[in-house]
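The next block holds one structure in the form of structure tokens; read it before the comments.
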Amino acid sequence: MLRLDGKVAFISGAGSVGDGWGNGKATATLLARQGASIYGTDIRLDAAEETRGIIRQDGGICEVQACDMTNSAAVSATIDDCLAKFGRIDILVNNVGGSAPGTAVSMSEDLWDTQMAHNLKTLFLACKHVLPHMERQGDGRIVNLASIAALRMSAERPHVAYSTAKLGIVAFSKSTAIAYAAKGIRCNTVIPGLMNTPLVEHRLAKTIAGGNLAALVAKRDAAVPVGRMGTAWDVAHAVLFLVSDEGHYITGTEIIVDGGMSAAGMS
Ligand SMILES: NC(=O)c1ccc[n+]([C@@H]2O[C@H](COP(=O)([O-])OP(=O)(O)OC[C@H]3O[C@@H](n4cnc5c(N)ncnc54)[C@H](O)[C@@H]3O)[C@@H](O)[C@H]2O)c1
């Protein structure tokens, strides 16, 4: 079940911002354990190399490359390098993304542009350069990472650009899925809720909790109907199902991995 032997997976943001498991790192490791060869990119080579070390220690196959996924020339060259090393790309996981707070008034124009590039242009560029290869293969599986911020808005902490971009990813995935459905290429979105990834300690504890990590973790846990944040592995397992042969009839849709948050509505 859910084996990926012989498949090549290109994963963007395959490192993690801090110690522990980010969504891209866990996804790369899980897909490798299921038999896929991994080609991981990250803007920070050391972060991608850490993931490569874990996968190789497990006996898996992984190559990594530093790449700023907002840069078209760099993305194109990196995809060429993946094809030179592995000869094909069966799976594309667009994981790069991140939030910045602000409303239309408080957010600077530069930050809006940066958020759009970080959260939307990255997957546009990856798809632009990978889809022709998948089309030639007659097979491809793409998963884009959105966020609960696309579905639930906060008056306390608005993220106008992040929410807009992440909801845009849902539309991007559907549009791509329908354009390529008859060509054997599937495209879906995973929508994580509040996940306890290194981002929480590395960035959020400092920016929104005055350094009080324990209080932030307790607050995030309490906001989820099941009583705790998810982990990067919860995201990785949803990605695995969508890119697997078992998920062959699923395209143009979303899996929400949020412990019930979106179903619970506003609180
Ligand atoms: N952590 C959460 O609670 C959460 C919730 C909802 C959605 N998400 C989404 O999941 C995805 C991953 O989140 P995470 O918390 O695991 O993040 P993370 O920051 O730990 O990992 C992302 C990796 O991407 C890399 N990166 C950043 N900019 C890049 C660029 N331009 N090109 C290439 N690599 C780049 C970073 O160096 C980092 O290693 C994001 O799209 C995020 O929006 C996360």
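Summary table
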{"read-out": "Anisotropy class of segment 87-152 from Cα gyration tensor, a/c 1.5 cut", "value": "prolate"}
{"read-out": "Cα shape, segment 38-118, gyration tensor, a/c 1.5 rule", "value": "prolate"}
{"read-out": "Rounded to the nearest 20 debye, dipole of the chain from Cβ charges on Lys, Arg, Asp, Glu", "value": "360"}
{"read-out": "Gain in span if fully extended, Asp139 to Gln57, counting 0.36 nm per residue against the direct Cα distance", "value": "26.5 nm"}
{"read-out": "Within segment 38-86: Cβ-based charge dipole about Cα centre, in debye rounded to nearest 20 (Lys, Arg +1; Asp, Glu -1)", "value": "100"}
{"read-out": "Rough spin-label spacing in nm, given labels placed 7 Å along Cα→Cβ, for Asp110 and Arg88", "value": "4.6"}
{"read-out": "Where labels lie 7 Å past Cα in the beta-carbon direction, separation of Leu2 and Ile250 in nm", "value": "1.0"}
{"read-out": "Ranked order, His202, His129 - accessible area, probe 1.4 Å, largest first", "value": "His202, His129"}
{"read-out": "Semi-axis lengths, Å, the chain, gyration tensor of Cα atoms, sqrt of 5 times eigenvalues", "value": "28, 20, 19"}
{"read-out": "Potential lengthening between Lys206 and Asp19 on full extension [0.36 nm per residue; Cα-Cα distance subtracted]", "value": "65.8 nm"}
{"read-out": "222 nm mean residue ellipticity, helices alone, for the chain (DSSP H n ≥ 4; -39,500 (n - 2.57); rounded to 500)", "value": "-13000 deg cm²/dmol"}
{"read-out": "Gain on full stretching of the segment that runs from Ser72 to Lys219 - 0.36 nm per residue minus C-alpha separation", "value": "49.0 nm"}
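The values are calculated or read from the model by the stated rules, or taken from the named source; none is laboratory data. This is a predicted model, so every value here is computed, not measured. Every residue, glycine as well, gets a Cβ built from its backbone with ideal geometry; the counts of neighbours run over all protein chains shown. Ligands, DNA and RNA are stripped out before the accessible areas are found, and what is left, the full protein with its side chains, is counted by its heavy atoms. Shrake-Rupley method; radii C 1.70, N 1.55, O 1.52, S 1.80 Å.
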